[in-house]
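*Asks:* Here it is, the structure in full.
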Amino acid sequence: MTSRPEHYTPQPYDPYAEEAAQDGWFNSDGYIPRQPQGYDIPETYDYDTRTYPYQQLADQQTFALRTVAVPERAAEPEYHVPETPDAGWDDTPSRRRAWLSRGLLAVLLVIQALLSLRLSNTAFQDEALYLAAGHNIIDHWANGTPLHSGYDSYFSGSPMLYPVLAAFVDGHFGLTGARALSLLCLLGASALLYSFTRRLFNERVALVATALFAVTQPTIVLGWFATYDAPAIFLLALSAWIIVRTGRAPVAAVLLAAPVMVLAVAVKYASALYVPTLLVLAALTAWHHRGLRCLPRALLLGAGTAGLAGLGLMYTDVLAGVRQTTTDRAHGTDTASALLEKSLEWGGLMFAVAVAGSVAYALRGRMNESPRSYGLDGPGWRWRALLGVTLTGTALLAPAYQIHLHTSVSLYKHLDFGLLFAAPMAGIGVIRLVGKHFRYPQLGIMLWVTALCLGVAQSEWRYGLWPDSTAVVKAIEPHLSPGGHYLGETYEVPVYYLRDKTNHSQWTSTYGIGYADKKGVVHHGDEGYRLALRDGYFDLVVLDGVGTPDQDASIERHVTASGHYRLVGRIPFRLSSGATGTYRIWVRTS
């Protein structure tokens, strides 16, 4: 059965019916008109889709063409993740870091100066002695005035050095100027301590070491005390700085420290106690770069120092003074336990921190927390241990020597020499106590504040241990005459303040006498005082009962028994220790 095709059947016209689509194959005779694109184009009466399949706009007139550069689009910003640094700070030296450290050093020096400047009292016996001697020597050089005493035989330093310099300053600026000279020396010593500690370790250790040294009692007191000690400490600090600074220089450069060391010993003979420390330091600072060849460096420095010292002894007369005040000094009566207790009281805190720092440094040599320094422990533990023992052990030299002599005279002053060398290790001790990244800053602050409080209290106490002499100087001034003879316990003070009216040769001390009677026999001790007072040898007697209380009581009895003297004044005073006393002044009446 075959399929038959469907035939088209015409239908009646329906005017309302929708027109059939004109897209069929049969209704278009095979032609499919193309529909216009876009919007519908309205058909007009003459529109014929067969003739005009679609309409387009007529061509427009073409003008001159030009090439237009298409602007390039700006590259969009890209984000790159930076590499994570191994440390959040830069541990390398920089100008900013150096100036910040120097600024903190300046603050510490200002604090040190203020602590010294707050002290106030009239001239101490030693200050008056050195300044009056300096004026006498200057007058001898300038005008030929005879020297009143053999200063070389009992001064603890060369009388031609510090006394002359201090007297020159005193002549222009008074006692304040002479004390300011000491302050400048101690400030210079602190600055040099910072410098060579920074070179040995780093800025942080240097700042802490300087901060501790600046607030100790000896440093505060000696900073406003016109004696040999301040310039001697400065010269020792300068010697240490030269030795450390020339560690990488040629070996001969270390000889620059030799004249400074000799000058320090000449200024104060006790400085020779610290020369071995400087020689060991000369070897240790060159060990990193020279190994065993550092030993010739120390030997060269020792030879140069010995040679210059020998020349000085040959052409000066200071050997008697060295024996009298240093090597053959008379022994006292203080016990070892009492001296040890005083040493711990005045320098024990800083020494204990230095010991802790030495141990910590020997165990771990790395000096910063930067991850870049992991595995860089610096020199070996033997070198670190030797450096710690050398610097910290130096603080024991003065107490040991004074215990040997059984005397506390000048102990607090000599402690400052050793603390200068122990300060770097004390700085390490505080840094290790604070911990990495300032983990426990309160511990370091607490320790420094404790040292500050001790230094302030002890220096105030120390500066009030001698009476104010203003009133007694005014009281005795009218009784002085060019040819008079006077007996006084601390006669150096009136000699200094009244040097235009009296001199050392007119005075006799209560510490000893050599009185020659009318027959030429010389009498010493209490018998000498008794005979001199019986004969009316002294025109004026001034006692205070502080330095030699037992001898003063005996002299007072002899004065009363002689019948030649009249009491003209009693001036009471009070010391910082709580003790009280009275100046007693007698003048001869017959």
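What follows is calculated from the coordinates using simple rules that are stated; it is not laboratory data. Since the structure is predicted, the reported quantities are computational estimates derived from the model, not experimental observations. Using ideal geometry, Cβ is built from the backbone for each residue, glycine included, and neighbour counts are taken over all protein chains shown.
*Asks:* Is it true that some residue in region 547-561 is exposed (fewer than 14 other Cβ atoms within 10 Å of the Cβ), at negative phi and either β-branched (Val, Ile, Thr) or touching a strand residue (DSSP E or B) at 6+ places or on another chain (Cβ under 8 Å) (or both)?
*Replies:* Yes: region 547-561 contains one or more residues that are exposed (fewer than 14 other Cβ atoms within 10 Å of the Cβ), at negative phi and either β-branched (Val, Ile, Thr) or touching a strand residue (DSSP E or B) at 6+ places or on another chain (Cβ under 8 Å) (or both).
*Asks:* Same structure, new question: Which residues, counting only those in region 283-318, are of a type in the set (S, T, N, Q) and surrounded by fewer than 19 Cβ atoms within 10 Å (Cβ to Cβ)? Even if it seems obvious, please write down each step before you answer.
*Replies:* To start, the set of residues in region 283-318 that are of a type in the set (S, T, N, Q) comprises 285, 305, 316.
Residue satisfying the conditions is Thr316 alone.
*Asks:* Next question, about the same structure. Does region 157-186 hold any residues that are of a type in the set (Gly, Ala, Ser) and more than 16 Å from Ala142 (Cα to Cα), and which are they? Full working, then the answer.
*Replies:* Initially, region 157-186 is screened for residues of a type in the set (Gly, Ala, Ser), giving 157-158, 166-167, 171, 174, 177-178, 180, 182.
Within region 157-186, Gly157, Ser158, Ala166, Gly174, Gly177, Ala178, Ala180, Ser182 meet the criteria.
*Asks:* I've got another one for you. Would you mind telling me which numbered condition in (1) without any contact (Cβ under 8 Å) to a residue 60 or more places away in the chain; (2) under 12 Å from the mean Cα position of the chain (by Cα) Pro163 fails?
*Replies:* Exception for Pro163: condition (2).
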